[in-house]
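Only the coordinates and a few stated rules stand behind these numbers; no lab work does. Being a predicted model, the structure only gives us computed values, none of them experimental. For neighbour counting, all protein chains shown are included, and Cβ atoms are generated from backbone atoms with ideal geometry for every residue, glycine included.
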Amino acid sequence: MLDQSEPATVTATPPVPRVDRLWAELTGRCQLACVHCYAESGPDKGHGRMTAADWMRVIDEANTLGASLVQFIGGEPTMHPQFAEILRHAVGTGIGVEVYSNLVHITDEVWQMLRSPNVSLAFSYYSDAPEQHNAVTARPSHAATRRNVVKAVGYGIPIRAGVIDAGTGQVPGAEADLRAMGVTRIAVDRIRAIGRGGDNDPNELCGRCGQGVAAISPDGEVWPCIFSRWMGVGNVLDAPLGEILTGRAMAGAVASIPAPRAVCNPEMECSPGHPPSSCQPRS
C-alpha cells in the first residue's frame, strides 16, 4: 500500500528539441569585403574547424529534429572547398536548401547541384549602377553577379533578391534592374547595426531568435540566429544539436533578447529568408 505520508515522485518530461530552419555558415571566406557585412567576411578569413563530415552530421541532426530548410551562407558558401559535397548530402536528405551567394563565381559542378529539386538561390543586390554596387562590395563584382543572376534565371533555379537600402535612393533602380533580369521575388531591407554595420545592438534583432531557428558558425558555435552571433550557446563539436537547443544557455540567450516589436513586419522576421519571411541575412 502506498504510504500517503510520502510525496509522489514526479518525473519531469525533458523538453523536445525543435528547429524548423537552420543557418549553416560554412565559411568566413568571401571574394568581397562588403562594408556592412554582418559576419565581417573577407578574402583573408578561413573555413573554420568544422569539417565536411561535421556539417553533414549536423544537417542529418537538423533533419531528424524536423527542419524544413537549411540555408548555406558565409562568407561565400560556394568558396568552401567541399561545398558541392555538403550540398549534395543536404539534397539527399530531402530537406529544403537555400544557398545565399554573392553569385560572383559559380563552378559548373555547383551549377549542376543548384538545379536539384528543393534547392533555391538568394543574393543581395545594392544598385543597378555598377559604381554604387561595387562601392558596397569593395570589389568590381557588379557585372559578374548580374551575369550569374541571368544564368540562374535561365536554368529555372528559384531565386530571390534582397535590395539593401543604403540611403542613396538606389532602391527603385535596383528593383527595376532585377525585374528586367527575370527576378520576381524581391524584398528591400536596411543595413543592420551588426558586424561591420555596427556594434551588435540586441535591439537590431527581430525578437524571435532561437524560436524554431538556429545558426551554426564555421567553428561549430551555435547562435539563436545568424545576427545574434555574440550569443554563443554551445558547440556542435562538443554536444548534439538537439541538446544545445534545449539547454540552459539557449534558454537564457532567448530570454535576454528584446521582445518582438508590435509593429514588426512579418516579412522582416528573422528566419533564413524562406517563405513567409524575406529576411536578408546579408544586410
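If you stretched the chain out fully between Thr168 and Thr184, how much longer would it get, using 0.36 nm times the residue separation minus the C-alpha to C-alpha distance?
Values: separation 16, 0.36 × 16 = 5.76 nm, distance 2.28 nm.
Result for the pair: 3.5 nm of gain on full extension.
Measuring from label point to label point, each 7 Å out along Cα→Cβ, what is the His105 to Glu85 span in nm?
In this crude label model, His105 to Glu85 measures out at 2.0 nm.
Just the Cα atoms of segment 91-142, one point each, no solvent: what log10 I(q)/I(0) does Debye give at q = 0.20, 0.28, 0.29 Å⁻¹?
For the requested q values the scattering log ratios are -0.75, -1.05, -1.09.
Jot down the radius of gyration and Dmax of segment 21-268, Cα atoms only, both in angstrom.
Here Rg and the maximum Cα pair distance are 17.5, 49 Å.
Out of Ile186, Ile106, Gly96, whose Cα points farthest toward the positive end of the dipole of segment 21-268 (charges: +1 Lys, Arg; -1 Asp, Glu; placed on Cβ)?
Value computed over the given set: Ile186.
Amide H neighbours of Gly234 under 5 Å, at least 5 residues apart or on other chains, H built in the peptide plane: list them.
Val222
With the crude spin-label approximation of a point 7 Å out along Cα→Cβ, what separation in nm comes out for Ala255 versus Tyr155?
In this crude spin-label approximation the distance works out to 4.6 nm.
Quick one: length gained pulling Ala144 to Val35 fully straight, 0.36 nm per residue minus the C-alpha distance? Before the final figure, lay out each step's value.
Details: separation 109, 0.36 × 109 = 39.24 nm, distance 1.87 nm.
Length gained, Ala144 through Val35: 37.4 nm.
What nm distance separates the two modelled labels at Asp238 and Asn118, each placed 7 Å from Cα along Cα→Cβ?
Placing both labels 7 Å along Cα→Cβ, they lie 3.2 nm apart.
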